[in-house]
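The values are calculated or read from the model by the stated rules, or taken from the named source; none is laboratory data. Nothing here was measured: the structure is a model prediction, and the numbers come from that model. Cβ coordinates were reconstructed from backbone atoms using ideal geometry, including for glycine residues, and neighbour counts include every protein chain displayed.
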Amino acid sequence: MRPVGTLAILVTCLVACSKPVPGDTNSHPPDPPPHDEKATTMTDFDPTSPTAWQQAEAIAATAAKGTLEKRSDALPFMFMADDPAAVLVHKGRVVREKGGKVAGEYLRDLGIIEGKGPKIEDVLFVLFALDAWPPIKEVPKEAYVHAPDNPAQADVTAQVDFDGVTAHVTLVYFLGEPALPQHGSGAGNIGGMDPDFKPKLVRPAARCTLTIPKTGDPAWKIEKLNIGG
């Protein structure tokens, strides 16, 4: 029979050895709680579903600071935030790429070619959110003409058109102040024949068109022209 004293010492040793020793690198901390995968995974992509928006917001929160706010029902799943100012979750992930190609692909997915996509105000927000402005150098990239309530500028205000095969987002930028056109032989002859002739002022401008085809990459095209001022 083992002495009682020896047994007591053995039990005490076992209890003491089971406790982690301070500074012991071999001791293991408790496992962290399981990660909630659902918080950053989209399983619902229906833009009319509140659950889909909640899932998208959780994903957007991983890439933004501040309170997130839905921009528009017409722009799933676009959120406004503090930093950055806008975050887009598309196809279950935060869209980090920028430019006209990315914006055009998103708008195409929304059905803009068939006229099912967002209207011009929301389209302009997409260009802002994805820094998808045309490569204009002469003036600030957000200095395009947008005066939908001014009939005199109906031809130059920002607009969207589509035909079921292609969609276009058109922005016009004025590149200078109104001025008299350069005099050619025709203008001189007309002015010489009619002393009351008064040439109209024109403004140098750039018409920028983001073409969104049904297949292929969307891209900007810039056309320089003079517009009656």
Would you please list the contacts, defined by Cβ atoms under 8 Å and residues six or more apart or on different chains, that run from a residue in segment 129-155 that is assigned to a loop (DSSP other than H, G, I, E, B) to a residue that is of a type in the set (Lys, Arg)? Leu130/Lys98; Asp131/Lys98; Ala132/Lys98; Trp133/Lys141; Pro134/Lys141
Taking segment 156-180 and keeping only residues that are surrounded by 17 or more Cβ atoms within 10 Å (Cβ to Cβ), assigned to a loop (DSSP other than H, G, I, E, B), out of contact with any Lys or Arg (no Cβ under 9 Å at 6 or more places or on another chain) and not hydroxyl-bearing (Ser, Thr, Tyr), one is left with Ala158
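Return the residue satisfying two criteria in turn: it lies in segment 116-128 and is of a type outside the set (Val, Ile, Thr) and touching a residue at least 40 places away in the same chain (Cβ under 8 Å), and of such residues it is nearest to Ala219 (Cα to Cα).
Residue satisfying both the conditions and the ranking: Leu127.
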Tell me yes or no: at least one residue of segment 58-65 is surrounded by fewer than 20 Cβ atoms within 10 Å (Cβ to Cβ), among the basic types (Lys, Arg), in contact with a helix residue (DSSP H, G or I) (Cβ under 7 Å, 6 or more places away or on another chain) and not in a loop (DSSP other than H, G, I, E, B). no
The lone exception for Ser49 - which of (1) farther than 22 Å from His146 by Cα; (2) touching a residue at least 12 places away in the same chain (Cβ under 8 Å); (3) among the small types (Gly, Ala, Ser); (4) surrounded by fewer than 17 Cβ atoms within 10 Å (Cβ to Cβ) it fails: (2)
Which of the residues spanning segment 29-54 are modelled with pLDDT under 70 and within 19 Å of Leu88 (Cβ to Cβ)? Ala39
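Mind checking whether some residue in segment 213-224 is over 26 Å from the mean Cα position of the chain (by Cα), at pLDDT below 95 and either more than 18 Å from Ala103 (Cβ to Cβ) or crowded, with 17+ Cβ neighbours inside 10 Å (or both)?
First pass over segment 213-224, keeping only residues over 26 Å from the mean Cα position of the chain (by Cα): 224.
Now restrict to residues that are at pLDDT below 95: none.
No, every residue in segment 213-224 fails to be over 26 Å from the mean Cα position of the chain (by Cα), at pLDDT below 95 and either more than 18 Å from Ala103 (Cβ to Cβ) or crowded, with 17+ Cβ neighbours inside 10 Å (or both).
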Matching residues in segment 96-117 - criterion: being at pLDDT 95 or above, surrounded by 20 or more Cβ atoms within 10 Å (Cβ to Cβ) and either small (Gly, Ala, Ser) or touching a His at 6+ places or on another chain (Cβ under 7 Å) (or both): Gly100, Ala103, Gly104, Tyr106
